[in-house]
Each structure stands twice: as structure tokens, then as C-alpha cells.
Amino acid sequence: MADEDDMDMEAAMAEQAEAPAPAPMASDDDDEGAVYGISVDVIAVLGTSMMPISQILKLGRGAVVELDRLVGEEIELSAEKQIIAKGEVVVIEDRLGVSITKIMKSQ
């Protein structure tokens, strides 16, 4: 019986010796680095307008849709359906941009 116990113990020790060492745990710094590399769409809404479908169907080239925002009024920037900042529309050469005026605090 003692011989069987010795053989079982030797087999268990051999299995442990062959098993690979567990991978080291990722540190918080590694986790943050992984998160910082993720890209998300940032959306800037210039304004909205409510119209009946009959009016939408009449839209054509050159039509102007009036929005609910005033010139110079702040717009919201959102990412993943969360408002992340507010800013003012600016023109950069021939493109539009947003100059950030306020960063929203996380909730």
C-alpha cells in the first residue's frame, strides 16, 4: 500500500513539473493601455429639425433645412451615446471642426 501511495505521489509531482507555469496577472497599467487604444466614433450634432414626411419628400438639391440651433450656440459631442463635451463649430480651411469649450464629467 505504501508503494502505491509513493507511486501516486510521484505521478502527481511529475504532472506538476510538466504543467506550464500560470501566466502572470496583467497589471492595471496594462489594462489602461489596452483601453486607451480602443477607437470609438465621436458624433457632433449641429442641430435637428422636425418635418412631416410630405415635406421631406419635396426636398431637392439646393433646399435648405432650418435647424434648431443658433449660430455660435454650443453643440454637443457624444461617444457611445454619452455626451462627452460641448463646443463651438469652427471652420478649418475647407472643413468643419469643433472647438471644445467644456468637458463633461463622468457620471
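General observations
- Partners of residue 81 within straight-line reach, counting lysines whose Cα lies under 19 Å from its Cα and excluding those fewer than 8 residues away in the same chain: 102, 105.
- Annotation for residue 55 and residue 67: the two label points, set 7 Å from Cα along the Cα-Cβ direction, are 1.7 nm apart.
No value in this document is a laboratory result; all are computed from the given coordinates. Keep in mind that what you see is a predicted model, and the values were worked out from it rather than measured. Glycine also receives a Cβ, built like all others from the backbone with ideal geometry; neighbour counts cover every protein chain displayed.
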